[in-house]
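Heads up, the thing below is written out as structure tokens.
Where a number appears in this text, it was derived from the coordinates with a stated rule and is not lab data. Just so we're clear, the structure is a prediction, and the values are computed from it rather than from any experiment. Here the Cβ positions follow ideal geometry from the backbone for every residue, glycine too, while neighbour counts run over all protein chains shown.
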Amino acid sequence: MTAPDRPEHPGVTITVKTWGPYLVQGPVTLMDTEGHILTPPPAKTAGLVKLCSCGHSRTRPFCDGSHKTCTPPVPPESIAPPG
Ligand code: FES
């Protein structure tokens, strides 16, 4: 599968990595269920937020790299678009 071009308009892009985090790029505010703003850990790429999709991170909702050592919870086909 090839990656489509990014949208021409600015905004938020969420990239679903197979067996990895959701990569969030763009102007977002993350809050917990009580409305407290969550500050992402520093990233190598400015403005990039990695959200855990595997449930094994010790810093949820952020990815801490633990997905690299755990069994994937879902097969990659399950996140592919239908069709
Ligand atoms: S996706 Fe990276 S720790 Fe869960």
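General remarks:
- Extension reserve of the Met31-Thr59 stretch, reckoned as 0.36 nm per residue once the Cα distance is removed: 8.7 nm
- Here the Karplus curve 6.51 cos²θ - 1.76 cosθ + 1.60, taken at θ = phi - 60°, turns the phi angles of region 15-26 into couplings of 9, 8, 8, 5, 6, x, x, 8, 9, 10, 10, x Hz, with x standing for Gly and Pro.
- Whole-Hz ³J(HN,Hα) from phi, Karplus 6.51 cos²θ - 1.76 cosθ + 1.60, for region 50-61, glycine and proline x: 10, 9, 5, 10, 9, x, 9, 5, 8, 10, 3, x
- Dividing the convex hull volume of the alpha carbon atoms of region 22-76 by its residue count gives 101 Å³ per residue.
- When only Cα pairs below 8 angstrom with a gap of at least 6 residues are kept, region 14-55 shows a relative contact order of 46 percent.
- Fully extending the segment from Thr18 to Thr39, taken as 0.36 nm per residue of separation minus the present Cα-Cα distance, adds 5.1 nm.
- Charge-dipole axis of region 22-76 as Lys and Arg at +1 and Asp and Glu at -1 on Cβ define it, positive-most pick from Pro42, Thr59, Thr69: Thr69
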